[in-house]
Every structure is written in structure tokens, then in C-alpha cells.
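The values are calculated or read from the model by the stated rules, or taken from the named source; none is laboratory data. Computed from a predicted model, the values in this text were never measured in an experiment. For neighbour counting, all protein chains shown are included, and Cβ atoms are generated from backbone atoms with ideal geometry for every residue, glycine included.
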Amino acid sequence: MFLFSETLLAHQINNGDSEVFSQENVQKTFLGKHDLSKICLEEQDISVAAKYDLDTNYLAKEGCSFVCTPNSFTNLKSPTVNQQAPSMIEISNAEIHPLQNNPYDSPTTEDKKVAPSDKVISMMPMLKAPSISDIESYLSEKNISRIKCQEPFYSNINDYTGPIEIGYRTLRIASKCNVHLQEFETEHDVLNMCRKLFTFQNKLTLNSNSIKNIKLTQCCNRNVLLKPLKQPPSACELKKWLQDTKIQEYSSKCREVKFKKTKILMSNSSGCDGDEDSDVPISLTPCTPISPDEVISSSKFQKVQDVITETNKSCQISGVTQSNSFGFDNSVHDFQAARAVSEHQYLTTMVMELHVRTRGNFKPDPEYDAICAIFYSILNDVPDTQEKQPSAKGIIALNRLPLSWDQNNNHLLDGININCDIILADTEEDVISLFLNKVKYWDPDILTGYEIQMLSWGYLVDRGFTLSLNLIPLLGRSQINKYGKSKIKPSKYELESDITGRIVLDAWRLMRHEIALQSYTFESIVYHILHKRVPQFSFRTLSFWWDHKTNHFRHRVINYYLLRVDTILELFQKLDFINRTSELAKLFGIMFYEVLSRGSQFRVESMMLRLAKPLNYLPVSPNVNQRAHMKAPEFVPLIMEPESKLYNDPVIVLDFQSLYPSIIIAYNYCFTTCLGRVSSLGTDLPFEFGSTQLKVPRKLTEMLVKKDLLNFAPCGVAFVKKEVREGILPRMLKEILNTRLMVKSAMKQNKGNENLQKVLHNRQLGLKLIANVTFGYTAASFSGRMSCVEIMDSILSKARETLQRAIAMVETTSEWGGKVVYGDTDSLFVMIPGKTKEEAFEIGKKIADAITNDNPDPVKLKLEKIYQPCILQTKKRYVGYMYESPDQIDPIYEAKGIETVRRDGCPAVSKILRKCLTLLFDTKDMSIIKNYVLRQFHKIFTGRVSIQDLAFAKEYRGASGYKPGACVPALELAKKWRAIDRRDEPRSGERVPYVIIHGAPGLPLIRLVRSPRDLLNDSSLKPNSLYYITKVLIPPLNRCLSLLGADVNIWFSQMPRRVTQYLPNSSPTTKSTISQYFIAKLCACCSQPTQDGLCSKCYNKPANTTITLVEKLQQWERKYHDSKSLCQSCTGHQEEIDCLSLDCPVLYRRYQTHNDLQQAAYVRELFNSFFSDGILK
């Protein structure tokens, strides 16, 4: 069936006639009596394709778009086209001439039987094809988008699930097959008109019986051979073309071999075939999951059963791929290379860690466990001309062992080559005394350790009280202390504030504000900031090494603690923490420790009072009752609810630059310029103003009104203009913003220095923060010092009015063609349908300039970025591909508020969701996303996922921070640990990891909580795969994918579920569940159910079975050896691995490969039975 557009000529098809349309026939028949040059065959009147056909004497063959052959099996009449149609021409049979000597159109013997007539009809278009300018003008006239982005689709029709209802909308994701193709929408549907006319003339009705005959009239019963008009180039022509275009240079570059480091693949090989991709040898590079692009490499997708059995057997969830190749959550630049100041700070920092002899698996307890050694490292930030060295480190150790308390050892650290100061003492009191002398000599300004509450300085002070020594005044610079020289331990003390004259820093608590991670252990921080792997040993192992009667292991303890003290200083230097905090203290006019311990109100008040004092202003200090009686606020920020869906068109993100500070400056809003509410003016009586009272004379008000010297906020509050008095807040904010502009100009001048760019960027962000929190200082009605509801309402109402005026301007300006789809406090999301990215940037600049000119200085709207595509889930939650400039080629993935940037779930949620979104934005193919999701679900069901990807991490608020009977996983684990060891309680604010395991049906979820270490030590515990899939993974996936019309629950219900079990192993395990007593036996070769070790099929194929089992043994042994070698290279010794770091993915790999290796004994027993039965002989 052939479709003709409205500009093509139509002809009445007579019964039994054969119509042939070709360029030669047009010249012979239709133009037979006319001059060819006078009609329409001039070069300027014909298309390029038509001219090419004339020049090459091209003759159309039957079966192409110029040749139509009627069906000979029906005697139906063809429709007669209306002769009055301006775009149609009918040619009578008198003008028909037969073809002469046309080898291409000469009918065969078979064709002569079908086509009884030799008449030929030649047709040609009467109207020329429209030009590009005509098309563009037509599109603009009809308001049709020039660009239509690809909508989500299913490349595999088997994945189609039908429509789903989301709210009041019915969404459907179609496939690419013609069943789901939409009808072409046009005003003049010629094809349907011909069909209706045909059925009317033949007196037919469109039903299932006649539709077949109607379609057959448009078909031909002969074979049609389609050949390309232009033949592909030959090999000789291709070689010549390559030489002419000099492609050899590019081909040689493509042939260059790019060596890359092999990445570690976390895999559990139980029940897996030998061709899995996790057999790649492990190298010494940090662990990174396999790239998802390597997994989805085929353009054809099989059914679900084939998808979930693909070769990707990686144990880690194959999801997010970081911008770096090693999987760091953060890439921190070396800020020390661009220090905040060039001169020295003259600050001395001392880091201390200590080794304690513990009792078995218990944590160090100052009441029972003695200090064996103190390790310290000092950084003295002074010029080299000073007397003291710039850096130093040393050891103060107890020169006695438990086996020889009554004997003096010659030297406990003999034979240990350590480049540091070593001092030995005979008693524990001497060790502490010698260390106090070191503190007195170096006189450090900052005392720090990674964890100073349970270890380091805190343990030293607690141990001192046990030994009747009050070390708090001795560690300080003054003997005057609120505890005096009392040797009794106080019930509660704060180490950070009680040591007089020194700054005490807890490193791990500071790191919580520097970087966002799932875990803040020492090993995790070092890996993600310094990009190094360090081991973690238990206190029991360290005590065993230190107390060994030989010196073979003691050097490991020394290296372990010296590495920690040096690494802590390296962390501070990498982040430029000391220098940066010193600069902020100078900027805000507060003390060093107050920058870290006090809030934003303290900073604002410090800067504000420095400006207010020269002007003889006194701050108001209302009490709690006065703040409680203040009026409630009447305005809130304007936050629109977006239409939740996928936006394929460009979405322009416009942001008001420092909106609240700009409004304060532009309209002179301040405590010193506010006259109160308009309803209270006009009287000489005092009225309520904030948490105090204000009195404004009536005459003063009348004079200000007459001279037009008042600003009125939309909430009905009056302020005097700058001509009368400039407020303290506008003046302070103007200085801050001007300083920020100076910092930004310095950034532009030093674009080549990346480290300096990072430092300057942090400075301007700090200035921006202090400017933005100024509004919060006026609005802190609960704990604020000078909260004022009139000023707060004035700022909020003016911000709402500014944003509303901007929205109205965008939607009323037809030139931009934009629609505001979301607005949040100070930002606008404007969708530009049918525009390109470059056009969207141009329109965004126009919008920003127009709205900036519509507002007073310094209120400024700037074009921040463009999202294309993006998903607006709900307010404060959106994700998309970000473009920051028109020249940017590769987009940047950015998410706000969704699970990919949140830490309240497990890492698997973030990885899977981010990968699904990137696949959606890149391909729009829902079949790829479905295959990927089911593949990850299959990993979880078969137990081939790392426990690290399934571990939640929630903050522990302390035992007193929860209500009685609270069911909190972190609290339950803390109770369990504290019942065994009172010192084994997480610190307040520490993130406690936990996993949900399988349990009996109906068991409360709180009873299924376990620590990841419990799963490593007990192989009978398995993660609750059904809980993780249905309760943890599917809801966040559906929150995004359901906006398109996909339902992950339906995908999961269609997925076949099969749990892969381990083979019996030689090591006995404790059976704690009923299911462990009823384990089905599986074939060791093909994993099919069987009563014996091998099924009958594998038993009858001994050669194949032997090769398969030997390959499995080799895989298990090789993988365990590779993971063990990697751990040995990290720990630095070849003996048994004692590292217990839960933040290292290699730890889980090592445990899994060890469990796999336990099956080797069972497989070898099967070999023995083979040989004994004589099968392999």
C-alpha cells in the first residue's frame, strides 16, 4: 500500500489497468505534445533528485515508490478522485502511451497473466517541495515545535506493561512497534478520504471480512527486488579515499593501546559458571565496581529469563560510576598547595595516640587497662629560623612486658628501625610524666586526636584519675582550673573546654562537617580524602603483637600508631583546616574555637555589633518570655508545587543572586530603619514592636509621608529610605557582598591555578553564607537574640512579591515562549518547549536581563544552568542533566533531595537509582532500564551482592537521646554491645551500620537487625532479599519511574526467582533456623536438584563433569588467593590477615571467597568417588 501526500497527482485507476510512474514515462507520455523546456523541467524548477534522474537516464523499476501494480484477484473498482481538487490532476486514457523497449518495465510471463492491460499512466508532482524557510514559517504560524525530543519507549515489545494511573493521569510507555504508533495528525487526510470513497463506490462496509480485500487492491502478487540506487564503494575506491583525506593519522591513533588498571570485581562464585566477568585478576588498585557500560553492550535484548543470567556476576551493585576511576566519594584538592595566607600562623599542633594492653576482645577500659606506649606527632607552623623544629614525632613506651614484670628489659624496641624519638620508662606513671614534659616543652596551641573521648586524650585523663592524677590542669597552660587539683574524677567534664589555654579538637567530629559519607571511621576518612587504604586491627591483635616475647611483631604496632598520628596531620594539611579556620576567625572577629563551636547567629552578631558601636547603637537582649509573647509570623517563602513528570524540553533554572540580602539593601530593611506596622502609626502611644515596644511621634510620621521618605513592605510595615538613615544590616551586607565580588574577580584572574580557585571558592561561599543567614538572625523567634517579626515578614513578603512578578513577566511575554513549571524561594524553573539548548541559553539571558532591570539594585536574576532532560518529582526534589554553558558538550548529573544524594538508605539504593536515571536520560529506552534493574534484583536473590551495599548507617543519639521503648536499630545494637562490654558503646553522633536479615515469618523487623560483622562471622545469616527489594529498592525507583508510566512492582512480579545455595562444606556451622535442616541437595556441576552429589546427566558425562569441577576449583582458589594477596599488600605482612575494616570492600570479598573455598573439600570427595567407581578409567 502506497501513501501519497496532498501535493501528488492522483488518477482514477481503471479496472485491470497497470500504472507505472517513472521519469522517462513522464517525458514520453504526459509531456508528449509539449516542449520540455517550456513546462517545468528547467533547472531552477526541478529538484536535485529529479535533475539527477534526468542526467543519468534513471528508469524506475516495479516495486519502487514510482511503480504501482493493482491486485488481479479482485474486481473492485478504484476510487475516482475529485477533479475539482486544486492539488490533483486526472489524465485520461487517450494520453496514455505504451512503453517502448523498456527492459526494466517489460512484464514477465507471470506478470502478463496478472496484468491484462499494457496501458501506462505517468504522473508527476504539480507543486514543488517546500523550502526550509517555508517550513520554518509554517511551523511558527501553526505554533508547532521545531524540535521534538524522544519520549521514553520500550525497545522490546515483551516489556510493555500497559497504562498505569498516577493521580489523575493515565500514563503509558509505548514500544517502537507499529501497534503502538500514533496516527499521523493532519487537516487533509487524503489516504482515509480515498479509502472511504473506495468503499462507497464499491458498496462495501469496513469490517473484518472486507478489510482484507480492500488492502489487497493496493498490493501486487509478484516478487519485488529492492536495490540501492547508488552502489557502495569498492575496496580500491575506499583506499583512494583514505589516502585523499589522510585518515591514516587517525587510524594510527585508534590503534594505540591504552593500558588501564584492572579493577577489583566483588563476586561470589557460588553457583556461577566459569565465564563470569568477575574472574579478572585482582590488582592493587582500589576497589571499583565494574562499569555498567560494559555490562549493557548488546543492542538486542532477550527475554527476562535471558537477561538475568547475563555474564555480569559482580558482587557489588553495578550502578553509579564516579568521575574518578577509583570510586572515591569525594575528590578533595590539596588545599595546602594554596594556603589561605602566605605568612606563618605560629600555631603548634600536637596529635597523640596511645597503645593500651586490653583484656581479650574488650575495648580499652581506663579502670583496668594500662597504657603501654604513647605516640605523638607535632607540627610547628613557624619559620625555619626558630629554635624549635618545624615537625617532630616520638614514642614514650613502658619498658616492661607482662611475663617479666620483675625483670628490667635491656631495650623493648631493640632492632626496630624507626626514625623518631624513643623514650623508655619503667612505670606507667613515668610514661605519663615524660609525656607531660613533652607537652610543656612544645607548648602546643592545639591538642588533637582522631577520637579523644574513648581514646587518645580522653583515655589519658581518665587513666590519670585511676592512678590518682588530675591531668586536666597539667595539660593546660594554667594551673587554675575549676576542678582545682582534686584527684577525684568529676561526674561530667568537657575535655574541649576544661583544658585551659589550649584548643582541643576531636578530628572525627570535625570531619563530619567537611565531607558527607556513610561512615566516619578513620579508614573511611583516609580513603576518601587522602585516597589511601589503611588497615584496622583489633585491640586484641595489637596487644598480642606488643606483648610477644620476641621483637618479631612489635614493629607492626609502632608502624600502625605512627601512621595514624602522621595521617591526622596530613588530613588537616590537605583540607587546610587550621589556616582556613584562623582566617574565618579574623573575618568574623571571634575566637578560633568559636568558629567551630558557635552558630551562625553568633557570627552575624559579632560583625553587626562592630558596625553598631561607632554609631552609638545598643543591641536589645530580650528574655525568653519576651520572645514567647512576640507575634507569630504571617508570611512564608513562596514554594510552588511542580507538575511531577519527565521534562524532555530544556528547563532554564534562574536564581536571584542573594535575594534576601539584596532586598535588605535595596529597600533599607533594618532594626534601625523600621517604624513598625502601618496600622500602629499615627499615634503618640508606644506599640508592640518585635519582642519589645516602639514609639514613633505622629508629627515625624506625617513629615516622612509628605516628603515621600518611606518604604512600605507588602506586609504593611514602614521603613525609612536611605536618605533619612542607612540601616546597620544593609551597610554590613553591602560590605560583605562587595568583598565577595572582589574574591570572584580574583578567581577570574587566577583561572589556571586550580587549588587557588578552590580556596577562593570556599571563601566566597563563606561570605555568601554569612550574608544569607543574616535573615535568619532576624527570624530566629525561638532562640534568637534580636528576633523581630516585622523585619522577617517584610523580607519574606517582598521576596514573594519579587518572585511572583518575575513569574508573571515570564508567562506574559510571548516572545520567550516559556512556562514556569517550578519556583522555590529565590529560583525559577522555566520550560522552553521545542527549543534547542543553545536557544534556551539565549532566552534565559533575555529573561534574566529583563527581570533584573525590573528590580532595584542590587536585586539581580542570573542564569544558573539548564536541565535537559530532568524529572521534577515534588518540591525540593528533582534530578536532571545540567548544562552550565552553551559550549558544554557532556552534561553533569545533578540531583536534589532524592535518594541518590541522601544517606538514610543503603548504598544499593543510590547506585541503582542513579544508574537508572542516567540510562533514562541517555537512551530513553525503558527496556534497558528494566533489564538492568532485574539483573540487580537477581544478584540480591542469589546472594551475590556485597553486604556493604546493603548496610544502612544511622546516627546514634546516645542512650539518653531516645524515648523509653524506642525501636531504633542503632539503639538495639548499642544495648547488645554494651551488655557485653560497657566501653563498647557508639559515641553520640556516630553512624552505626546494620543489616536486615532473614527471619521467621511475622517476626518484628527490629529483631532482624544485625551488624555487618555478624554476617561475616556467621555464614548462616543471610540478608533479607525480599525486604530489600520490596521495601528499600522498589519505592524510590517507583517514585521516579512511575512518573513516566512504568511500574517496577510489575517488573519484579515477572522476574523468575531462584536462590543459589552453597555446596556442603567441611567446616561445621551452627544451625539456627529450621530451613537449615531442610537444605535441598544440588548437583555440584550443573546446580540441578539431585539426591546425590551429581545428577544423572552429569554422572553419564564424566569428561565434561571433570573439566567443569576442576575449573570451579581453580576459580575458588584463584579468587581467594587474589583477595588475600591484596590484603597482605595493605597490611604489610604475609601471615594470617587480621584487618577488620568494615569500610573496605576487599574485606567482604575475602570472606566470600573463603566461603566459596570451603566447598572445595566436598568437590574433591566427589572426585574420589569417581576414581573409586572407575568412571574416569
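So which of Ile1029, Ile1050 ends up being part of a helix (DSSP H, G or I), within 30 Å of Asp159 (Cα to Cα), over 25 Å from the mean Cα position of the chain (by Cα) and modelled with pLDDT of 90 or more?
Ile1050
Pick from the stretch 864-894 the residues that are in a strand (DSSP E or B) and aliphatic (A, V, I, L, M): which of them is surrounded by the fewest Cβ atoms within 10 Å (Cβ to Cβ)?
Here the answer is Ile892.
From the residues in the stretch 456-470 that are polar (S, T, N, Q) and assigned to a helix (DSSP H, G or I), which one is surrounded by the most Cβ atoms within 10 Å (Cβ to Cβ)?
Per the criteria, the residue is Ser456.
Can you name the condition, by its number, that Thr852 falls short on among (1) among the hydroxyl-bearing types (Ser, Thr, Tyr); (2) in a strand (DSSP E or B); (3) within 27 Å of Leu741 (Cβ to Cβ)?
It is condition (2) that Thr852 fails.
Would you please name the residue that is surrounded by the fewest Cβ atoms within 10 Å (Cβ to Cβ), looking only at residues in the stretch 678-707 that are assigned to a loop (DSSP other than H, G, I, E, B) and without any contact (Cβ under 8 Å) to a residue 12 or more places away in the chain?
Looking at residues that are assigned to a loop (DSSP other than H, G, I, E, B) and without any contact (Cβ under 8 Å) to a residue 12 or more places away in the chain, I get Leu685.
Considering the stretch 865-892 alone, what residues qualify as being closer than 18 Å to Lys645 by Cβ, out of contact with any Ser or Thr (no Cβ under 7 Å at 6 or more places or on another chain) and among the polar types (S, T, N, Q)?
Gln868
I'd like to check something: does the stretch 744-756 contain any residue that is in contact (Cβ under 8 Å) with a residue 60 or more places away in the chain and either touching a His at 6+ places or on another chain (Cβ under 9 Å) or crowded, with 21+ Cβ neighbours inside 10 Å (or both)?
Yes, because at least one residue in the stretch 744-756 is in contact (Cβ under 8 Å) with a residue 60 or more places away in the chain and either touching a His at 6+ places or on another chain (Cβ under 9 Å) or crowded, with 21+ Cβ neighbours inside 10 Å (or both).
Being in a helix (DSSP H, G or I) and farther than 19 Å from Cys1085 by Cβ is the requirement here; does Asp1143 meet it?
Numbers: in a helix (DSSP H, G or I): no; farther than 19 Å from Cys1085 by Cβ: yes.
Taking the combined requirement at face value, the residue does not satisfy it.
Could you give me the residue pairs with C-beta distances under 7 Å whose first residue belongs to the stretch 723-734 and is among the small types (Gly, Ala, Ser), whose second residue is not in a helix (DSSP H, G or I) wherever it lies, and which are 6+ apart or on separate chains?
Gly727/Asn668; Gly727/Tyr669; Gly727/Cys670; Gly727/Thr672; Gly727/Thr673
I'd like the residue in the stretch 566-588 that is assigned by TED's automatic domain parsing to the domain that holds Gly394 and free of Cβ contacts under 8 Å to residues at least 60 places away in the same chain and, out of all such residues, is surrounded by the fewest Cβ atoms within 10 Å (Cβ to Cβ).
Glu570
When you scan the stretch 444-453, how many residues do you find that are modelled with pLDDT under 90 and out of contact with any helix residue (DSSP H, G or I) (no Cβ under 8 Å at 6 or more places or on another chain)?
0
Answer yes or no as to whether Leu769 is surrounded by 19 or more Cβ atoms within 10 Å (Cβ to Cβ) and assigned to a helix (DSSP H, G or I).
Answer is no for this residue.
Quick one: is Ser927 among the polar types (S, T, N, Q), out of contact with any Gly (no Cβ under 6 Å at 6 or more places or on another chain), modelled with pLDDT under 90 and outside the structural domain of Leu1142 (by TED's automatic domain parsing)?
The answer is no for Ser927.
Being crowded, with 22+ Cβ neighbours inside 10 Å, in the same structural domain as Pro858 (by TED's automatic domain parsing) and assigned to a strand (DSSP E or B) is the requirement here; does Ala799 meet it?
It is false that Ala799 is crowded, with 22+ Cβ neighbours inside 10 Å, in the same structural domain as Pro858 (by TED's automatic domain parsing) and assigned to a strand (DSSP E or B).
Return yes when Ala970 is touching a strand residue (DSSP E or B) at 6+ places or on another chain (Cβ under 7 Å), part of a helix (DSSP H, G or I), at pLDDT 90 or above and not acidic (Asp, Glu) and no when it is not.
On the way: touching a strand residue (DSSP E or B) at 6+ places or on another chain (Cβ under 7 Å): yes; part of a helix (DSSP H, G or I): yes; at pLDDT 90 or above: yes; not acidic (Asp, Glu): yes.
In short, yes.
Condition first: in the same structural domain as Asn711 (by TED's automatic domain parsing), over 30 Å from Glu839 (Cα atoms), assigned to a strand (DSSP E or B) and not acidic (Asp, Glu). Can you find one or more residues in the stretch 631-649 that meet it?
Scanning the stretch 631-649, I find no residue that is in the same structural domain as Asn711 (by TED's automatic domain parsing), over 30 Å from Glu839 (Cα atoms), assigned to a strand (DSSP E or B) and not acidic (Asp, Glu), so the answer is no.
Which one is farthest from Ile947 (Cα to Cα) among residues in the stretch 974-998 that are part of a loop (DSSP other than H, G, I, E, B) and without any contact (Cβ under 8 Å) to a residue 40 or more places away in the chain? It would help to see each step written out before you state the result.
Residues of the stretch 974-998 that are part of a loop (DSSP other than H, G, I, E, B), as a first pass: 981-990, 998.
In the following step, the residues that additionally are without any contact (Cβ under 8 Å) to a residue 40 or more places away in the chain were identified as 985-986, 988.
Numbers: Glu985: 22, Pro986: 21, Ser988: 25 Å.
Ranking the qualifying residues of the stretch 974-998, first place goes to Ser988.
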